[in-house]
Amino acid sequence: RNGDNAVMQYVRPTELDNGNILAAYRPIQSANLSVQPLEIDIQNFIEADQRIDGSAGVGQIDLIADVDTGSAPSLNGNYGAAFPLYDGTNRYLVSWSVCRLVPLGGSLAENCTAAKLASGNYEAAPPLYGLWVLDVDKATQLPIELPQEGQQYDEAVVLTSRSIPTYIAPATLDTDAQALANLGFGVVHVRSVYDFDGVDRSDDGIAVTADPLQTTPDERSARFVRFEKPVSIPSDEVRDFDNSAFGRSTAQGMREILGYAPVEPDGSVKVAVPANVAFAISVLDVNGERTSARHQNWMQVRPGETLECIGCHTANSEVPHGRLDAEPDAANVGALTNGVVFPNTDPATVPFTDIGETMAEAYTRVNDLRRMSPDIIFDDEWTDPALATKAPSFAYQYDDIEPNPPVIADSPCDISWTSACRVVINYPQHIHPLWRVERHVFDTDGTTLLEDRTCVSCHSSEDDMGAVRVAEAHLDLDNGPSTDEPDHLKSYRELLFNDNEQEVVDGALVDRLVDSGETESVQQFDEEGNPILDDDGNPVFVEEPIFVTVTVRPTMSTAGARNSADFMSLFRNGGTHDAYLSPAELKLIAEWLDLGAQYYNNPFLAPEN
């Protein structure tokens with residue numbers, strides 16, 4: 001229990017003789033260091049109230065009843081730590097403080113009683129932890145080290161002989177896995193990104209989606225995966241920077257991109273990923289935009305390890321995920337027979353199947369393991385050219401971006417994408433310069449300018465002659481700091497924050513005011529500032545209209561590219577700005593939005609606080 005309704009955490013897990021886990025359940029922030037010792041059955045339960053088979057049950061029990069870990073006094077006292085004696089009994093060495101109160105206005109601590117707690121005349125005294133032996137079966141406690149004012153015991157550890165736990169030897173890596181480990185990689189294998197908790201979520205079923213004659217590459221919703229990692233934030237002593245560095249929202253922190261890989265037609269993915277690095281996975285469409293909610297749980301692999309999962313997992317799901325003995329059956333059953341090709345696929349890619357393997361597994365067996373790339377690259381390797389025309393290849397490459405791509409051409413990571421390579425996108429360096437890239441459309445003679453599609457040619461507050469104007473769509477993408485946040489360029493604020501419509505008045509930009517349709521009573525004054533009075537000597541009031549500003553809502557959202565459709569759709573087929581930005585530029589903007597539209601993703605480039 002926690003009377004403060006605080007955010008809680010499990011800490012200090014310790015294995016018990018019966019295979020269960022002893023853990024301390026405590027608030028993330030605590031004024032009295034109080035915990036609730038719990039025994040957790042990890043062998044038969046996947047949740048506190050759910051068994052492996054999905055049925056309801058009680059998977060964790062309080063060692064001591066009626067202990068409150070909140071800031072209010074707990075009549076049964078407070079526990080600071082617990083450690084098993086490992087002697088075949090249900091006994092624990094614990095640190096414990098009796099419940100103590102101080103009379104309001106007093107200074108001497110007194111032991112608690114129910115009457116004192118109910119009176120409202122007392123407040124909690126600081127805890128006073130000593131060491132005790134707790135016998136859970138007998139519900140008794142014996143003192144080992146009585147507490148003394150000015151000192152306390154907040155750890156309890158027993159040194160005793162016990163059986164050596166079963167030794168789990170490190171995995172023996174085969175030659176290929178060891179070579180991968182030496183390069184700093186492990187492997188992720190997802191049986192199908194269309195599998196959600198064992199349910200096939202593809203449009204027409206995985207079997208149909210995986211067949212190139214029934215579902216062309218352009219008809220598949222999942223085309224690529226992106227691997228992302230969190231950026232470690234330094235302490236203030238190392239780099240103290242202002243929170244403005246995160247941008248519109250701090251929710252996603254700062255993120256880097258580890259790389260991209262293709263999704264095979266059946267939704268499977270098998271790719272080398274950097275080892276010992278926390279990462280999350282985003283599933284992307286043909287444009288490189290995330291197709292579902294952000295993956296907010298971090299995973300990692302050891303060097304040479306292969307991490308297997310059946311598919312994806314919804315945030316509110318009660319189905320086990322990541323525990324192989326409890327997961328549902330995979331929706332992607334893989335190849336149905338040995339020695340044949342996947343239906344209607346190119347035999348040059350995979351000449352034969354092994355029963356049960358995914359397309360990603362089969363591809364790896366025949367063509368070697370896929371490696372991540374900083375770019376999105378597509379080649380139709382699965383369509384059988386004897387049965388249908390292969391889909392055209394395409395690539396969204398940083399080399400095609402001017403002036404400042406996140407990966408510099410001919411740099412070591414541009415030449416070879418190693419486990420240490422990262423894509424780091426910062427708005428001032430990589431996104432804002434796009435608005436000033438020259439985008440001129442010439443006649444066939446190559447000299448006659450037909451149209452200037454440079455973003456700031458329309459979206460700026462000055463024309464070519466320097467005259468003040470209202471930016472097109474009230475979106476100013478030109479240089480200069482924001483008046484709302486000097487640490488941000490105004491273009492960033494215009495794209496991601498509410499703004500006001502403006503108009504030019506006497507050569508200056510001012511917020512445009514419109515009649516709200518409501519009125520207010522306004523007292524009247526003469527030219528000398530004296531109140532105007534009526535015949536009875538009372539002040540004169542007149543109903544006057546109330547004028548308000550007109551809000552311009554942002555076209556981008558930190559929720560991602562698909563939630564920024566007001567911007568992104570302008571540049572897609574049929575949009576008013578179709579082909580104004582290149583596919584590589586749109587991919588850069590999309591991935592930056594999907595990461596959280598941070599102003600900086602490198603804390604060492606952010607201005608110091």
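Model label sites at Ala65 and Met465, defined 7 Å from Cα along the beta-carbon direction, differ in position by 8.8 nm.
Is the shape of region 434-500 best called rounded, prolate or oblate, per the rule: a/c under 1.5 gives rounded, else a/b larger than b/c gives prolate, else oblate, with a ≥ b ≥ c the square roots of the Cα gyration tensor eigenvalues? The shape class here is prolate.
Determine the sum of side-chain charges near Thr306: Lys and Arg each +1, Asp and Glu each -1, restricted to other residues whose C-beta is under 12 angstrom from that of Thr306. Residues near Thr306 contribute -3 overall. Ordering of 223-233, 363-373 by packing is 223-233, 363-373, highest average first (other Cβ atoms within 10 Å, averaged per residue).
Calculated on the Cα set of region 454-580, radius of gyration then Dmax: 21.2, 71 Å. Under the shape rule built on the C-alpha gyration tensor, where the axes satisfy a ≥ b ≥ c, region 195-319 is prolate, since a/c reaches at least 1.5 and a/b is greater than b/c.
Taking a Cβ cut-off of under 13 Å around Ala348, the surrounding Lys, Arg, Asp and Glu residues balance to a net charge of -4, with basic ones at +1 and acidic ones at -1.
Among the lysines, which have Cα under 28 Å from the Cα of Lys390 when same-chain residues fewer than 8 positions away are ignored? Output for Lys390: Lys270, Lys587. When the Cα gyration tensor is reduced to axis lengths a ≥ b ≥ c, the ratio a/c is 1.5 or higher for region 1-66, and with a/b above b/c it is classed as prolate. Projecting label points 7 angstrom from Cα along Cα→Cβ for Ala420 and Glu47 puts them 4.4 nm apart.
Working ranking of peptides 34-41, 50-57 by packing, defined as the average number of other Cβ atoms within 10 Å per residue, highest first, is 34-41, 50-57.
Were the residues from Thr306 through Val437 laid out at 0.36 nm apart, the gain over their Cα-Cα distance would be 42.8 nm. For region 529-609, a Kirkwood hydrodynamic radius built from all Cα pairs, placed in the Stokes-Einstein relation at 37 °C and 0.692 mPa s, yields a translational diffusion coefficient of 189 µm²/s. A Cα-only calculation for region 312-398 places Rg and Dmax at 16.5, 46 Å. Take the Cβ atoms of Thr448 and Ser249, set R0 to 56 Å, and the FRET efficiency comes out at 0.80.
When only alpha carbons of region 61-144 are considered, Rg and Dmax amount to 14.2, 48 Å. Taking 0.36 nm per residue of sequence separation and removing the Cα-Cα distance, the Glu123/Val505 pair yields an extension gain of 131.2 nm.
Skip the ligands, DNA and RNA, and give the accessible area per residue of the chain with a 1.4 Å probe, whole Å².
I get 52 Å² per residue for this part.
Once you list every other residue whose beta carbon is under 14 Å from the beta carbon of Gly19, what net charge do they have if Lys and Arg are +1 and Asp and Glu are -1?
Details: positive: Arg162; negative: Glu15, Asp17, Glu39, Asp41.
Residues near Gly19 contribute -3 overall.
For region 314-338 and region 357-414, what is the separation of their Cα centres, given in Å? One Cα centre to the other: 27 Å. Built from the Cα atoms of region 105-243, the convex hull projects on average onto 23.2 nm², one quarter of its surface area. Can you work out the Karplus-derived ³J(HN,Hα) for every residue in region 317-330? Use 6.51 cos²θ - 1.76 cosθ + 1.60 with θ = phi - 60°, whole Hz, and x for glycine or proline. With the stated coefficients, region 317-330 comes to 6, 9, 7, x, 9, x, 10, 5, 7, 10, 5, x, 4, 5 Hz.
Under the criterion of Cα pairs below 8 Å and six or more residues apart, the relative contact order for the chain equals 11 percent. Taken about its Cα centre, the chain carries a charge dipole of roughly 3000 debye when the Cβ of each Lys and Arg holds +1 and the Cβ of each Asp and Glu holds -1.
What value in Å³ per residue do you get for the convex hull of the alpha-carbon atoms in region 361-432?
Roughly 129 Å³ of hull volume per residue.
Accessible area of the chain with a 1.4 Å probe: how many percent of it is carbon plus sulfur? It is 50 percent, rounded to a whole number. Could you run the Debye sum over the Cα atoms of the chain, one equal point scatterer each and no solvent, and tell me log10 of I(q)/I(0) at q = 0.08, 0.09 Å⁻¹, two decimals? Each listed q corresponds, in turn, to -0.83, -0.97.
Using θ = phi - 60° in the Karplus curve 6.51 cos²θ - 1.76 cosθ + 1.60, the 3J(HN,Hα) couplings for region 288-293 round to x, 9, 4, 9, 9, 4 Hz; x is entered for Gly and Pro. Working value for region 359-499: equivalent-ellipsoid semi-axes of 40, 22, 14 Å, each the square root of 5 times a Cα gyration tensor eigenvalue, largest first. In units of the compact-protein estimate 2.2 N^0.38 Å, region 1-157 shows a Cα radius of gyration of 1.10.
Residues whose amide H comes within less than 5 Å of that of Tyr153, counting only those at least five positions distant or on another chain, are Tyr129, Gly130 (H built at 1.01 Å from N in the peptide plane).
The gain in end-to-end length when the Glu110 to Ser235 segment is fully stretched comes to 40.9 nm, 0.36 nm per residue minus the alpha carbon separation.
The order of the peptides 452-461, 181-190 by mean Cβ neighbours within 10 Å, most packed first, is 181-190, 452-461. Any idea how far the Cα center of region 20-59 sits from the one of region 533-609, in Å? Here the two parts' Cα centres lie 44 Å apart.
The values are calculated or read from the model by the stated rules, or taken from the named source; none is laboratory data. These numbers come from a predicted model, not from an experiment. Quick reminder, even Gly has a Cβ in these numbers, built from the backbone with ideal geometry, and neighbours come from all protein chains shown. Ligands, DNA and RNA are stripped out before the accessible areas are found, and what is left, the full protein with its side chains, is counted by its heavy atoms. Shrake-Rupley method; radii C 1.70, N 1.55, O 1.52, S 1.80 Å.
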